[in-house]
Amino acid sequence: MEDPARTTPRQVPHESPSLGGVALWIVLTAQLVVVLDFSIVNVALPDLIAGLRVSESSADWVVTAYALTFGGLLIVGGRACDLFGRRRMLLVGLTAFAVASLGGGFSPSLEVLVAARAIQGMAAALVAPAALSMLTTSFREGPDRNRVLGYYGVMASVGFVAGLVVGGALVDTVGWRAVLFVNVPLCAVMALLGGRMLPADVVDRHEQAQLDLFGGALVTAGMAGLVLAPTIGSNAGWTSLDLAACILASGGLILAFLSRQRRSPSPLLPLSLFRHRAVVVGDLLSGLIGAWNAGEVLVLSLYCQQVLGYSPLVAGLVAVPQGVGGVLRGVVGRRLLERMGLRRFLLASCMLTGASLFLLFRFPATTHYPVLGLVLIGIGIGTTSLLYGATVAGSMGITNDEQGVAGALLNATRQIGAALGVAALASLVAGNTGVGSDAGALASDLRMALAFASGLAGLGALLSLVLPDRRVGERSSLKADPGSRRRARHGVTTRGTSSLPRPPRPARGRGLPRSLPGS
């Protein structure tokens, strides 16, 4: 039998001090920056087009460049967090994001701005998985982790609403460049505070030389192709050869990547993650959330501006109740999850979202507040509750040395879903969005798009039923994964993080916590 006193650091149970105070808020604010930047730039696009004197189709690359590098590099960024240290990658990402935002704000041309946005996406691909995995590895699986993941979801809701409202105000008063400059002091302060307040990384130096760069190139190109495909479909047509070539190339690259991971002794994406049913369900739900949420935001903006006649700023304010719903979910979400259990919590969230989207679909062209606001609160509560539950599921049963790539998967599926959802819903209203379009016809098309989004929420409800009961899933998790049994025998636990080792003690199969909320 192996002497516990001679085990390597990766074979000893680890416990990390929970993030608290300023350190916790630094990590949560990092998530806010990623979400804020996505929505705030979308609001500035019309002013940007006029300021740089470019076409609308050219300006789309300001959004596409960010989405391509962010979505394409998430898997690489997540694995880099696991191997090189989450604190280190978070600080690097925040610094790069600030520099890229500064360069974008001073951009003299569209080409320079697109390059800056691409660098912002690269930085976000480090920040997003680093922030999420720092939370999941600093708090034990169960009530403690669920609590901070609830905060994480609230910050995403706040960032979404703040991007729309603050972006509209900045564009109206200062100009489009202000939406990029606003990131600079925010990221700089967080990077400086993070260097002083965040706990230091403890990583296995031997692992640092094993980042699969060729595999990273394959998955980055494949994921970028998936994100780019909807843009090609919108511009070249959904039956075009360009779209078919993009999809085939992307699929081939991803298949080549998976084949390489199967044979690699140090995979970039450990395929053993997909043995956990909760992880698979969480990732698929995350993709569906991205599809209907991004599409619904687009449809709502078109509805408010072209049917109801609201200004861009007022159209941004219209979305505030949706963010308020997300904050309300943060108040009661953890307690509901603990009382209902994960499967019933996800199912109820899908049903609430689907019903709210259906009510939005029923709106005639004359519908205004307060009815619209009440329905948007329901969408906000349902969508953010589902995102919260999917994040909990996507990190369940995963060892700490793989939490970075698990967080990257959650973000990557949501990015791909958002790209596909926007393209699908936009294609339903493409013929009636121009100047002089008939408002009644546009309203009808928008309602059809929202009916499609409601159907996606119904699909999420069916997917939630696949999730095993919390008691059954928790007690059988060691049996389901042979790797978990081996880790348990060697004393490796998924509780806590790999930051600070405790004194070694004999392993007694305590790999997973005995109970979870709702069990």
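The values are calculated or read from the model by the stated rules, or taken from the named source; none is laboratory data. For clarity, every value in this text was computed on a predicted model and none was experimentally measured. With ideal geometry, Cβ positions are generated from the backbone for all residues, glycine too; neighbour counts draw on all protein chains shown.
Quick notes on this one:
- Condition check for ALA128: at pLDDT 90 or above, crowded, with 24+ Cβ neighbours inside 10 Å and either assigned by TED's automatic domain parsing to the domain that holds PRO46 or among the polar types (S, T, N, Q) (or both): yes
- Number of the exception - VAL174 against (1) closer than 25 Å to ARG53 by Cβ; (2) of a type in the set (Val, Ile, Thr); (3) surrounded by 24 or more Cβ atoms within 10 Å (Cβ to Cβ): (3)
- Picking from residues in segment 289-318 that are surrounded by fewer than 20 Cβ atoms within 10 Å (Cβ to Cβ) and among the polar types (S, T, N, Q), the one that is farthest from LEU463 (Cα to Cα) is SER311.
- Test set (1) farther than 30 Å from ASP401 by Cβ; (2) in contact with a Gly (Cβ under 9 Å, 6 or more places away or on another chain) - ARG86 fails condition number: (1)
- Look at (1) surrounded by fewer than 24 Cβ atoms within 10 Å (Cβ to Cβ); (2) in a helix (DSSP H, G or I); (3) polar (S, T, N, Q) and you find that SER286 fails only one, number (1).
- Within segment 305-321, the set of residues being at pLDDT 75 or above and in a helix (DSSP H, G or I) comprises VAL314, LEU317, VAL318, VAL320, PRO321.
- Flag for LEU73 being touching a helix residue (DSSP H, G or I) at 6+ places or on another chain (Cβ under 7 Å), under 23 Å from LEU228 (Cα atoms), without any contact (Cβ under 8 Å) to a residue 60 or more places away in the chain and buried (at least 24 other Cβ atoms within 10 Å of the Cβ): no
Here's the yes/no breakdown for (1) surrounded by fewer than 20 Cβ atoms within 10 Å (Cβ to Cβ); (2) within 18 Å of VAL76 (Cα to Cα); (3) outside the structural domain of ALA23 (by TED's automatic domain parsing):
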residue	(1), (2), (3)
LEU193	yes, no, no
THR239	yes, no, yes
ALA245	yes, no, yes
SER272	yes, yes, no
